[in-house]
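Before any comments, here is the structure.
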Amino acid sequence: MEVVIALSIIATCFVALLGMLPAGLNASREAANSTIVATVFEEVHNRLQNRPLKPGVVELSSAPLDDHGLSPVYFDDHGVFIDSNAEPSDLARRLYRADARVEDWHERPANTSGLRAVIIELSWPVDGATGEATGKDNPKSRVTYGVTALTGPDWTLIYPPKIPEWKYQEKIEF
């Protein structure tokens, strides 16, 4: 009788533990996804630094600034950047798509004459063949924050006026 009672207690505990397993796996999956999303936003934020500060789509690729805009940029399931010139097998691993644009404020915050709004939108999953986001609820995450131009008394040291081909252009600074 004691053995049966002990086995029933052990079985009850085991069933309770098995019932909690899906919730734990789901929480783990959500935590990993949040980490990847944060990694992608940080990467896009870093790519924005020193890009031209003008309204419109921001070029975020590794290509030179002379090339035409290559926003969006793509990331794999670990949040690692995938270059637009990568091999087709690497392009097929695209899972996240980040789009960034600079806009003027609808209502400019007080005392912020040079402040512009940067909007970064992140969509997933992405069709590996086309790079287009799939699903109805995309973009799934959006961040908006203010940036200003890299200006000040030393800008002529950065872009010396004596070199004509180096024309000063406002760049994003955080």
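Select from the stretch 77-94 the residues that are of a type in the set (D, E, K, R) and touching a strand residue (DSSP E or B) at 6+ places or on another chain (Cβ under 6 Å) and write down the one among them that is nearest to THR35 (Cα to Cα).
Of everything passing the filter in the stretch 77-94, ARG94 is nearest to THR35 (Cα to Cα).
Every residue, every condition in (1) acidic (Asp, Glu); (2) modelled with pLDDT under 90; (3) over 15 Å from GLU170 (Cβ atoms), yes or no:
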| residue | (1), (2), (3) |
| --- | --- |
| ASN46 | no, yes, yes |
| LEU53 | no, yes, no |
| VAL58 | no, yes, no |
| SER61 | no, yes, yes |
| GLY69 | no, yes, yes |
| PHE75 | no, no, yes |
| HIS106 | no, yes, yes |
| ILE120 | no, no, yes |
| VAL147 | no, yes, no |
Pull up the stretch 85-96, narrow it to residues that are crowded, with 16+ Cβ neighbours inside 10 Å and without any contact (Cβ under 8 Å) to a residue 40 or more places away in the chain, then point me to the one that is farthest from GLU43 (Cα to Cα).
ARG93
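Hey, among the residues in the stretch 97-112 that are surrounded by 19 or more Cβ atoms within 10 Å (Cβ to Cβ) and among the aliphatic types (A, V, I, L, M), which one's farthest from GLY135 (Cα to Cα)? Before the answer, list the steps.
Let us first name the residues in the stretch 97-112 that are surrounded by 19 or more Cβ atoms within 10 Å (Cβ to Cβ), namely 97-100, 102.
Then drop every residue that is not among the aliphatic types (A, V, I, L, M), which leaves 98, 100, 102.
Numbers: ALA98: 15, ALA100: 20, VAL102: 25 Å.
Among them, the one singled out is VAL102.
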So if I check each of ARG93, ARG116, ARG97, which one is under 26 Å from GLU170 (Cα atoms) and either within 17 Å of the chain's Cα centre (by Cα) or basic (Lys, Arg) (or both)?
ARG116
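The values are calculated or read from the model by the stated rules, or taken from the named source; none is laboratory data. Quick caveat, the model's predicted, so the values are computed rather than measured. Note that we place each Cβ from the backbone using ideal geometry, even for glycine, and neighbour counts take in every protein chain shown.
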